[in-house]
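First comes the structure, then the notes that go with it.
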Amino acid sequence: MDTSIQIQEHVKLAPFTTLRIGGPARYFVRAETERDVIEAFQFASANNLKTFVLGGGSNILVADAGFDGLVVQMAIRGISDIPPDFTSRVIVIKASAGDNWDAFVQHCVEHDLAGIECLSGIPGFVGGTPVQNVGAYGQEVSNPIGLVQCFDRLSGEIVNLANQDCGFAYRTSIFNSTARDRYVVLAVFFYLQPGGEPKIVYKDLVETFRGMRPTLKEVREAVLSIRMAKSMVIDASDPNSRSAGSFFKNPIISNEKYIQILESFGGHVPKFAADGDNVKIPAAWLIENSGFHKGYRLGNAGISTKHTLAIVNCGGATAKEVIDLKGSIQNAVESKFGILLQSEPIFVGF
């Protein structure tokens with residue numbers, strides 16, 4: 001078929017990921033416009049190819065054999081203000097899928113717009129944030145999202161999905177569950193509070209700012225400091241940041257299950273409220289109490305020396321080594337606590 005997009009072949013994917021792991025893509029296209037995205041999927045359909053949409057590569061593990069299909073790299077960029085509705089008390093900002101997420105957070109903080117300040121330092125692109133319903137330090141990206149603009153692969157049209165249509169829950173949305181292969185995020189519309197108060201609910205932030213009224217900028221700087229101390233900010237000089245961030249979700253269990261664990265463990269078991277019938281247990285605590293420690297290694301894959309939730313590439317690691325370490329951790333936690341930890345990263349080409 002005739003197309004204006006440049007289709008590349010056998011492109012190495014490891015350099016596009018924060019883990020720096022993975023084989024090549026059979027076909028690869030860099031999509032800089034909405035039209036590029038549409039043509040890329042037309043090419044895939046015409047050639048009966050599997051597809052994968054690549055963002056910042058911060059939450060994926062690519063198989064050693066690579067991906068035998070078409071990888072569409074999202075490179076649509078541009079942040080724009082939507083003219084205000086005088087009846088509204090929010091400012092609407094449109095961010096494109098290919099925009100750097102932390103740069104966007106910084107932009108909003110510098111313009112005194114509250115709602116995503118605690119999500120500072122998270123690597124990746126804007127387009128990936130609604131997919132995983134990214135959250136940290138008491139905020140979830142779903143809260144300020146008003147609309148998500150998508151390419152609907154089923155209809156071939158560009159559509160706007162309202163917040164309530166996105167099925168947001170803890171680290172979940174329709175984009176990674178019920179409609180996993182249907183929508184491609186093109187842009188996200190954020191409804192932010194001008195002059196709003198920063199959200200201070202995370203323990204370290206509460207202690208840092210006790211008795212104070214910090215600015216959005218001060219909260220952003222504190223969050224970045226916390227994340228850097230855990231090597232959760234991408235830094236080429238820090239081998240611990242060669243990861244996909246938190247590899248496991250914090251499990252949500254029933255109050256009854258929690259009491260059973262508390263009684264059998266015979267000590268303090270940390271928890272956070274989830275809803276009336278359930279609580280959330282830190283996955284890091286479960287891992288540490290199942291025989292794993294910071295700096296643990298299995299071949300060239302290991303656990304960060306600063307953050308138990310992060311699996312890192314210690315140098316020359318393969319995807320298989322990461323999968324083996326993941327399985328060892330899951331098996332140990334399930335054996336001791338009866339909880340199967342769920343992975344956060346997307347597995348590509350497996």
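The values are calculated or read from the model by the stated rules, or taken from the named source; none is laboratory data. Since this is a predicted model, take the numbers as computed values, not measurements. Cβ sites come from the backbone with ideal geometry, for glycine too, and all protein chains shown count toward neighbours. When the accessible area is computed, the model is the full protein with side chains, heavy atoms only, and any ligands, DNA or RNA have been set aside. Shrake-Rupley method; radii C 1.70, N 1.55, O 1.52, S 1.80 Å.
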Tell me, yes or no, whether segment 15-26 has at least one residue that is outside any loop (DSSP other than H, G, I, E, B), among the hydrophobic types (A, V, I, L, M, F, W, C) and open to solvent by less than 20 Å² (accessible area, probe 1.4 Å).
-> yes
Which condition breaks for Gly69 when tested against (1) of a type outside the set (Ser, Thr, Tyr); (2) outside any loop (DSSP other than H, G, I, E, B); (3) open to solvent by 20 Å² or more (accessible area, probe 1.4 Å)?
-> (3)
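Let's see how each residue does on (1) closer than 18 Å to Glu344 by Cα; (2) in a loop (DSSP other than H, G, I, E, B); (3) without any contact (Cβ under 8 Å) to a residue 24 or more places away in the chain:
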{"residue": "Arg180", "(1), (2), (3)": "yes, yes, yes"}
{"residue": "Val184", "(1), (2), (3)": "no, no, no"}
{"residue": "Phe190", "(1), (2), (3)": "no, no, no"}
{"residue": "Glu197", "(1), (2), (3)": "no, yes, no"}
Scan segment 33-43 and give yes if some residue there is over 20 Å from Gln8 (Cβ atoms), modelled with pLDDT of 95 or more and either of a type in the set (Ser, Thr, Tyr) or within 16 Å of the chain's Cα centre (by Cα) (or both), otherwise no.
-> no
For segment 202-227, which residues satisfy the criterion of being among the β-branched types (Val, Ile, Thr), more than 22 Å from Val90 (Cα to Cα) and within 21 Å of the chain's Cα centre (by Cα)?
-> Val223, Ile226
Among what's in segment 329-350 and is under 23 Å from the mean Cα position of the chain (by Cα), surrounded by fewer than 19 Cβ atoms within 10 Å (Cβ to Cβ) and not hydrophobic (A, V, I, L, M, F, W, C), pick the residue that is modelled with the lowest pLDDT.
-> Glu344
Just give me the residues in segment 174-193 being open to solvent by 70 Å² or more (accessible area, probe 1.4 Å) and out of contact with any Leu (no Cβ under 6 Å at 6 or more places or on another chain), in sequence order.
-> Thr178, Arg180, Asp181, Tyr191, Gln193
Being farther than 19 Å from Asn133 by Cα and touching a strand residue (DSSP E or B) at 6+ places or on another chain (Cβ under 8 Å) narrows Ile91, Ile60 down to just Ile91
Single match in Pro123, Pro84, Pro130 (criterion: buried (at least 18 other Cβ atoms within 10 Å of the Cβ), on the phi < 0 side of the Ramachandran plot, modelled with pLDDT under 95 and not β-branched (Val, Ile, Thr)) = Pro123
